[in-house]
1. Return the total of residues in segment 157-168 being assigned to a loop (DSSP other than H, G, I, E, B) and touching a residue at least 24 places away in the same chain (Cβ under 8 Å).
2. The conditions are (1) outside any strand (DSSP E or B); (2) within 16 Å of the ligand (Cβ to nearest atom); (3) crowded, with 21+ Cβ neighbours inside 10 Å, and Thr144 fails exactly one of them. Which is it?
3. Please report, ordered by residue number, the helices (runs of 4 or more DSSP H) entirely within segment 169-262 with at least 3 residues that are within 27 Å of Leu296 (Cβ to Cβ) and within 16 Å of the ligand (Cβ to nearest atom).
4. What residue, of Ala123, Ala194, is under 23 Å from Val33 (Cβ atoms) and out of contact with any Ser or Thr (no Cβ under 8 Å at 6 or more places or on another chain)?
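FYI, it's all coordinate maths here, none of it is from the lab. What you are looking at is a predicted structure, and each value in this text was computed from that prediction instead of being measured. Positions of Cβ are generated from backbone atoms using ideal geometry, with glycine treated the same way; all protein chains shown enter the neighbour counts.
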Amino acid sequence: MTDTPPRRYVIGRWDPLTVGVDIGGTKVLAGVVDSSGRVLERQRRHTPGTSVRDVENTIVDLVLELGRSHDIAAVGVGAAGFVDVTRSVVKFSPHLAWRDEPLRDAVMSRVRVPVVVDNDANAAALAECRFGAGRQHRLVLCITLGTGIGGALVIDSRVFRGANGMAGEFGHIQVVPDGHRCECGNRGCWEQYASGNALVRDARELVLAGSPLAHRLDELVGGDVAALTGPLVTQAAREGDPLAVQLIGEIGAWLGVGLAGMAAAFDPGCIIVGGGVSEAGELLLAPARSEFSRTLTGRGYRREPPILAAELGPDAGFIGAADMARSAARRARRMKRRRRERPLRRRRSVLPEA
Ligand SMILES: [Zn+2]
């Protein structure tokens, strides 16, 4: 088996347009996407607070608006949190008030086309595999570095979901026994060392301690340590501030350690790193690669998977959600056809034989 995906030419395949919606903590991105991953129209709104009804209304409004100028066959929704394995119920969302929310049926009853709901990192991973950095590979490990670590394993263009739909919570693998406390309740989780939150925590600690090394970071926020964010540290690093470069390098090194563990388990063809923290580019990825190569099991006896930057940026979530919706639309159409053909077959079988 090679790592190159088989080229599938499906003659006469139905290629409908679909809408993808990506619900983040601060913004909702939506777009009409075709089967080659091309975005035909894009919309952006602020996330309307945490009310379940308001977020649902925003999704429906966006779909109806995009549907005015495009013929849409299905809708995919990507949201942070746990989505059940049937891809219809949001079990829990960290920054929205969804608890066991039957989001798929609620939206479907209002937009009247098939709807699928999935975890936002799953959606982004699928998009990168189909249309972005992973399109040459069939087993792809995608990592989303944001405030925490999300991700997905994609095998032959299918997201591996696990038995409960909860696979891909890579950030909660323990890398340091008795390490930093994590919001999941445990200690020493990978995302406590390789994420935006880890970067900000370490930077703030040094500013607060009055470290002379943190002079530039302190200056950037005018002494207001609470205003220090990941993007500001990245900016300082790009401008050459040695401490910011070091802090991002440390995040990168921890990223590499964790990725080596993931590669030991899954032997992926390539690894894609996306999410806000990946904006730091090579400042993050170069140390990740070197730590990865240093600790990968079987090093010297295997082809190392390339560690690549994601290509689709913030659009990946809604592009992937739209692609999931296209599969759902095709499935719905196949089932409709089968239902239509079934009575015909039955009728035929009662005809007297000639
Ligand atoms: Zn954790």
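1. Matching residues across segment 157-168 total 8.
2. Every condition holds for Thr144 apart from (1).
3. Output list reads 196-208.
4. When all the criteria are applied, what remains is Ala123.
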